[in-house]
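Nothing in this text is a laboratory measurement; each read-out follows from the coordinates by a stated rule. Because the structure is predicted, anything quoted here is derived from the model rather than measured. FYI the Cβ positions are ideal-geometry reconstructions off the backbone, even for glycines, and counts take in every protein chain you see.
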Amino acid sequence: MENNELFPYKIDHLQSKDGIEYIACKNAAVAHITNLERFVDREMKYPAKLNGFIVLLCAKGDVTISVQMKEYKLIVNSLLIAPASVVVFRECHDCELYIMAFNAEFAADMNVDMKMIMPIMSSLHADCIVHQIKAEHSDKMSESFHNLYEEYKLPNKADVDVSIYREMALRHMYTVMIYRLCEFIATVNRVDAVVQPKDRSGDYFKQLVGLMHEYYKTERSVEFYADKMNLTSKHLSRVVRNYSGKSVHQWIDEFVVLEIKNLLKYSDMSIQQISYELNFPNPSFMGQYFKRITGKTPGEYRREI
């Protein structure tokens with residue numbers, strides 16, 4: 001996985017502007033954005049696929065963000081933990097944001113017991129955790145993110161190759177952060193299990209979203225997903241509509257269109273290549289599909305962005 005797949009925005013463009021600090025190593029990235037509003041109005045308002053676990057801390061102001069096709073409003077001291085997903089930054093006000101992203105390959109190269117953390121991380125497969133950090137703990141959390149960034153941004157000395165040591169230091173700092181986040185996830189899940197009644201409809205919807213992540217490139221029928229969930233198509237359709245207000249077909253279409261938009265903006269793939277990547281019969285078929293949902297052809301959308 002390349003760094004730009006974790007954080008696909010045009011980093012060279014963003015870094016030329018005031019208000020963003022960004023550091024990446026293989027399969028991991030850390031960003032500190034002190035003026036998110038200017039980037040949401042431009043580069044970051046478009047759907048972008050982040051292929052890794054994403055952690056966002058709102059240190060100031062507020063921002064509305066769409067993850068897994070669900071909107072969340074983050075305010076001061078809000079912490080969001082999310083799985084790989086298409087992310088869209090929406091309206092924000094005077095927002096300062098820390099972003100941390102990493103994938104399983106990065107974690108596997110660290111001193112992390114994957115057998116212990118994967119059951120917890122898998123709880124994020126189709127959902128996000130959003131938590132309001134208590135004021136007395138917010139400074140410590142912000143400091144952890146800030147130190148994670150500061151540790152890696154020291155300039156290389158021309159006569160000594162120290163990059164490997166700095167990368168190892170970053171990995172160890174990530175190790176601490178991952179264990180802290182796992183502890184946090186486990187605590188939140190345990191509290192939720194006690195105070196919230198079991199919502200079977202929500203479970204079905206989360207399972208559907210998880211399956212769409214796995215099969216959206218090749219499967220777009222309600223029947224396929226219902227069969228995977230051992231449900232009838234009628235039952236799945238009724239449950240999803242009652243829970244979300246949208247049909248299964250609408251969710252599938254929205255999921256696929258977000259991926260097409262992501263590839264149109266952040267990849268160099270041609271429209272023909274995108275249609276083959278997503279297993280459409282041909283570019284014309286994908287174009288009709290995209291226009292039916294968005295009102296624009298893929299070419300028109302690409303030219304406008």
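Applying the Karplus relation 6.51 cos²θ - 1.76 cosθ + 1.60 with θ = phi - 60° to the range 212-221 yields 3J(HN,Hα) values of 5, 4, 7, 10, 4, 5, 10, 10, 9, 10 Hz, where x marks Gly and Pro. Label-to-label distance for residue 247 and residue 269 is 2.7 nm, based on points extended 7 Å past Cα in the beta-carbon direction. Distance between the 7 Å Cα→Cβ label points at residue 292 and residue 224: 1.5 nm.
Along the range 76-83 the Karplus relation, 6.51 cos²θ - 1.76 cosθ + 1.60 evaluated at θ = phi - 60°, assigns HN-Hα couplings of 3, 6, 7, 10, 10, 10, 9, x Hz to successive residues, with x for each Gly and Pro.
Please compare each pair in 45/217; 70/234; 134/265; 60/246 to a cut-off of 29 Å on the Cα-Cα distance and tell me which ones are over it. Could you put the intermediate results ahead of the total?
Numbers: 45/217 24 Å; 70/234 23 Å; 134/265 38 Å; 60/246 33 Å.
Beyond 29 Å: 134/265; 60/246.
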